[in-house]
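Novice: Sending over a structure as structure tokens; questions will come in a sec.
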Amino acid sequence: MPGLTSESDDLAMVPVSLETENQPVVNYPLRHGLKSPVHRLSFSWACGNTLRVSVFRKPQSEKADGDGEAGGRVVEVKLSNSGDEEVDAARWRRMAYSSVTPFALLQSRKHSLSAASRMSLDIPPYKAEWWEHVIEYSKEISSLLSDRKPPPKSIIEDAKSVVNEIAAPMCLKAAWELLEIFYIDKQSQSWIPERLLDWLADYNSLFSGTLPTIHSKLVDFQQELVGVQVVEDNPNYWDAMSSALAVGWLETVVKLLRLHGSYRFDQLSSRETENGLVEAVAVLISKMPRMRPSLREDNLGECYKTKPDFMKAWEKWRTQISKLDCSSYWLQCDHRQTREGLKNLIQIMLGNPTVLSNATFNWMELFISHFLYVRPFTAGLESMHNSAQKCMQVKPASIPHKLFGLVLGILGENTEVVLAECSRSFGPWMMVHAVELLTAGSTHAEILLHEEHSKLGGVSIEELHRLVYAQVLSSHALTWQIAPIYLTSCIKQGIRLLENLLYKQPVQHSQILLKSIEICRLYELDSINSNIMRIAGVHHWKHGRKGSGVFWLQQARDEFRLNRIAKQLFDFVGKSVSDEGFKQWEGLIELLGSESRTAGGLEFLNKYRDFRRSLLQVHGDTPTDAARNAAEALVSLMKNPSTPQRFWLPLLYDSLKLLMWQERPLVNVSQTQLLLNKLQELSMARLRPDFVEADLPSDALSSVRLALATNLGRAILEE
């Protein structure tokens, strides 16, 4: 039974259009919120198919009201002819995210089967297994397109309810089911006419917005039925039943027949013959043979799974209808409207072309009626396409619906037309996900979609549509994260565009940065990962976030920039251990850790921090072991090649109390000789013109030399 679109559905959108002679003109409302008059408009393209409109008022000097209102507004208008007017932004994002898992799983299975079957899915049993995967994929996509729940059913059924209230159907869902019927569902190949009948019952309301339909007629009659006392006297009652019967909505016709006045208890005795004719027609309708494995819930008819059984039952049923049509009981029926109305229903079941044409409103409905009553044994797309062409000549559509074009393309086995209709009417999402159905169900479609074209940069049509869809996802801040899944499925251009996408993401936002790094690791893009972390490190360093900058540069293992940062830090940490300038950088040095592998020159600062802490704890009453630890830290710093030469003298000068320790020498002979050699190198370096003197007392060098010489003598004696 067809459904009535719920008016309470907040996702339903009614386009405001003006019909011209050829095609509708769509008006896009511009809500800028400015008071009239508007002085100037400026138009420019935004992302995708969004138009950016700048609305300007007159300059302040020219305004007389002086209301202080803003001088202009910028609004964005989405121009769409892609069939997604029924899908708002939030629902589209849900669809985009929900379809990622089925798509990715199908691609993974395709690669696995291709590898197992040596790059060919046409070899049994791989072909059968692949077909099962495609069917599963199609069902998952179809389920996410119909996730809206129907309104709750009433506990008490209304006897005069002709059309049930259902959730508003979607054109996307209708188009997907068409592709599923003709390309994927092999089990329904023998009963495609019945599948089309079910499809029209589910989606006939979609055509009501632009075309007169049987669904809209039933909806109008249901509203009229509330105030009708004697339904059989109303011509619309018989017209509604004729139209419903023409497209096989048998349960609707039988329900309407039960509303006939002859069923009333006070009328049974006086209208017995009339009631018998009505009941006979109702029984024949409910016993109509249907070539299908099973019926939907509440649907009427008798199912036959094989064509011979169906043909035998069909001939028997038509014979019963012919006998009823020639019965003498019609002469005993005194109610003219009932007699003529029932006769009209019989002519429909007998396949009278004129009556069927009068009972339907568009060629699609007439097409279905011919399947049911004129050519019930039609098989093959070619004969179906010829029948559709004849129906179009009888009932041409003044405003062709986008689903009609898709039906004609499928029936004509014209893959180019199917692709064009899907792309033009339903947008990139449909193209990317429907390609899998087309290639699985049609060899011609597979060749056409997988063939590489030099004019397209060496990519196939399938890859081109994936790139387009990935670009749509990349243009939105909430969907760019799923674009890599589609880009990585494109062999030719996908990785290159994925690199561009990742480089364009802002590194100042930590969540986006972490997501980019996760994507790089997932797809083993090590070089891009390092570059992104390097860019993040430089950005944070330049904007004053020194710790974050060093962290990301360490993650990127960028020794060159870490060494440059070290040189900058050397100018700030101070010339002496007691310098307060070191404190503000101590936290940054703490970040480096004690085992930094890629810190470059910053490794010195980390060790310098430890030495500074231990040296500040050395006093006159400090135990010798603690002082020895500080001396060991000094020797380690002087031996480390990362220690800048200009820090040698300050380190030694600050360590005089260690070199002149009273109890015993803290530095042995070999260590003292090392320090003396460093001091000698420093003396030679002072002869260079580019040498920078440390900010120390003038006798610092001689004091250090004397302390080392004294310590050397004491160390020799002790050893």
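Novice: May I ask you to list the residues in the stretch 336-357 that are open to solvent by 60 Å² or more (accessible area, probe 1.4 Å) and in contact with a Cys (Cβ under 9 Å, 6 or more places away or on another chain)?
Specialist: Across the stretch 336-357, the qualifying residue is only 339.
Novice: Of the conditions (1) surrounded by fewer than 18 Cβ atoms within 10 Å (Cβ to Cβ); (2) within 30 Å of residue 194 (Cα to Cα); (3) modelled with pLDDT of 65 or more, residue 101 clears all except one; give me its number.
Specialist: If we test residue 101 against (1) surrounded by fewer than 18 Cβ atoms within 10 Å (Cβ to Cβ); (2) within 30 Å of residue 194 (Cα to Cα); (3) modelled with pLDDT of 65 or more, just (2) comes out false.
Novice: Pairs, please: C-beta under 6 Å, at least 6 apart or cross-chain, first residue within 10 Å of residue 73 (Cβ to Cβ) and in a loop (DSSP other than H, G, I, E, B) and in the stretch 29-41, second at pLDDT 70 or above and open to solvent by 80 Å² or more (accessible area, probe 1.4 Å)?
Specialist: 32/73; 34/73
Novice: Kindly provide the set of residues from the stretch 370-396 that are open to solvent by less than 40 Å² (accessible area, probe 1.4 Å) and hydrophobic (A, V, I, L, M, F, W, C), ordered by number.
Specialist: 371, 372, 384, 388, 391
Novice: (1) touching a residue at least 60 places away in the same chain (Cβ under 8 Å); (2) surrounded by 15 or more Cβ atoms within 10 Å (Cβ to Cβ); (3) closer than 18 Å to residue 374 by Cα: which one isn't true of residue 307, the others all being true?
Specialist: Of everything listed in (1) touching a residue at least 60 places away in the same chain (Cβ under 8 Å); (2) surrounded by 15 or more Cβ atoms within 10 Å (Cβ to Cβ); (3) closer than 18 Å to residue 374 by Cα, residue 307 misses just condition (2).
Novice: When the residues of the stretch 602-620 are filtered to those that are open to solvent by 20 Å² or more (accessible area, probe 1.4 Å) and part of a helix (DSSP H, G or I), which remaining residue is modelled with the lowest pLDDT?
Specialist: Step one: of the stretch 602-620, the residues open to solvent by 20 Å² or more (accessible area, probe 1.4 Å) are 603, 607, 610, 613-614, 616-617, 619-620.
Now narrow it down to the ones that are part of a helix (DSSP H, G or I): 603, 607, 610, 613-614, 616.
Working: 603: 66, 607: 74, 610: 73, 613: 76, 614: 78, 616: 77.
Selected residue: 603.
Novice: Right, another one. Sort out which residues of the stretch 358-369 are modelled with pLDDT of 90 or more and open to solvent by 10 Å² or more (accessible area, probe 1.4 Å), and write them in order of number.
Specialist: 358
Novice: Restricting to the stretch 635-670, what's the tally of residues that are crowded, with 17+ Cβ neighbours inside 10 Å, outside any loop (DSSP other than H, G, I, E, B) and free of Cβ contacts under 8 Å to residues at least 40 places away in the same chain?
Specialist: 3
Novice: Could you grab me the full set of residues in the stretch 351-387 that are of a type in the set (A, V, I, L, M, F, W, C), more than 15 Å from residue 195 (Cβ to Cβ) and in contact with a helix residue (DSSP H, G or I) (Cβ under 6 Å, 6 or more places away or on another chain)? Quick ask: steps written out before the conclusion?
Specialist: Filtering the stretch 351-387 down to residues of a type in the set (A, V, I, L, M, F, W, C) leaves 355-356, 359, 361, 363-364, 366-368, 371-372, 374, 377, 379, 381, 384.
Remaining after also requiring more than 15 Å from residue 195 (Cβ to Cβ): 355-356, 359, 361, 363, 366, 374, 377.
The answer is 355, 356, 359, 363, 366.
Novice: May I ask you to verify whether residue 189 is open to solvent by 20 Å² or more (accessible area, probe 1.4 Å), free of Cβ contacts under 8 Å to residues at least 60 places away in the same chain and of a type outside the set (D, E, K, R)? Walk me through it before giving the result.
Specialist: Values: open to solvent by 20 Å² or more (accessible area, probe 1.4 Å): yes; free of Cβ contacts under 8 Å to residues at least 60 places away in the same chain: yes; of a type outside the set (D, E, K, R): yes.
Taking the combined requirement at face value, the residue satisfies it.
Novice: Just need a number here: residues in the stretch 494-509 that are among the polar types (S, T, N, Q) and assigned to a helix (DSSP H, G or I). It would help to see each step written out before you state the result.
Specialist: Our first condition is that a residue be among the polar types (S, T, N, Q); within the stretch 494-509, this holds for 500, 505, 508.
Narrowing the set further to residues that are assigned to a helix (DSSP H, G or I) leaves 500.
Residues that pass the stated criteria total 1.
Novice: If residue 266 satisfies every condition in (1) among the acidic types (Asp, Glu); (2) at pLDDT below 85; (3) in a helix (DSSP H, G or I) but one, which is the exception?
Specialist: With (1) among the acidic types (Asp, Glu); (2) at pLDDT below 85; (3) in a helix (DSSP H, G or I) applied to residue 266, the lone miss is (3).
Novice: Quick check, is residue 492 under 30 Å from residue 515 (Cα atoms), of a type in the set (D, E, K, R) and open to solvent by 50 Å² or more (accessible area, probe 1.4 Å)?
Specialist: Working: under 30 Å from residue 515 (Cα atoms): yes; of a type in the set (D, E, K, R): yes; open to solvent by 50 Å² or more (accessible area, probe 1.4 Å): yes.
Against the criterion (under 30 Å from residue 515 (Cα atoms), of a type in the set (D, E, K, R) and open to solvent by 50 Å² or more (accessible area, probe 1.4 Å)), residue 492 qualifies.
Novice: Here are the criteria: (1) under 30 Å from residue 565 (Cα atoms); (2) surrounded by 12 or more Cβ atoms within 10 Å (Cβ to Cβ). Tell me which single one residue 712 does not satisfy.
Specialist: All conditions pass for residue 712, except number (1).
Novice: Quick test of your reading of the structure: residue 470 fulfils all but one of (1) touching a residue at least 24 places away in the same chain (Cβ under 8 Å); (2) open to solvent by 10 Å² or more (accessible area, probe 1.4 Å). Name the failing condition by number.
Specialist: (2)
Novice: Which of the residues belonging to the stretch 309-348 are among the acidic types (Asp, Glu) and assigned to a helix (DSSP H, G or I)?
Specialist: To start, the set of residues in the stretch 309-348 that are among the acidic types (Asp, Glu) comprises 309, 315, 325, 334, 340.
Listed by number, the residues that qualify are 309, 315, 325, 340.
Novice: Right, next: So if I check each of 256, 225, which one is open to solvent by less than 10 Å² (accessible area, probe 1.4 Å), at pLDDT below 85 and either over 30 Å from residue 385 (Cβ atoms) or of a type outside the set (Val, Ile, Thr) (or both)? Step through it out loud before you land on a result.
Specialist: Details: 256 fails: at pLDDT below 85.
The match here is 225.
Novice: Can you name the condition, by its number, that residue 436 falls short on among (1) open to solvent by less than 50 Å² (accessible area, probe 1.4 Å); (2) acidic (Asp, Glu); (3) closer than 16 Å to residue 416 by Cβ?
Specialist: Unmet for residue 436, out of (1) open to solvent by less than 50 Å² (accessible area, probe 1.4 Å); (2) acidic (Asp, Glu); (3) closer than 16 Å to residue 416 by Cβ: (3).
Novice: Still on this structure: Residue 479 - would you say it is surrounded by fewer than 19 Cβ atoms within 10 Å (Cβ to Cβ), touching a helix residue (DSSP H, G or I) at 6+ places or on another chain (Cβ under 8 Å) and β-branched (Val, Ile, Thr)? Even if it seems obvious, please write down each step before you answer.
Specialist: Numbers: surrounded by fewer than 19 Cβ atoms within 10 Å (Cβ to Cβ): yes; touching a helix residue (DSSP H, G or I) at 6+ places or on another chain (Cβ under 8 Å): yes; β-branched (Val, Ile, Thr): yes.
So residue 479 fits the description; yes.
The values are calculated or read from the model by the stated rules, or taken from the named source; none is laboratory data. Remember, predicted model here, so these are calculated numbers, not experimental data. With ideal geometry, Cβ positions are generated from the backbone for all residues, glycine too; neighbour counts draw on all protein chains shown. Only protein heavy atoms, including side chains, enter the accessible area calculation; ligands, DNA and RNA are left aside. Shrake-Rupley method; radii C 1.70, N 1.55, O 1.52, S 1.80 Å.
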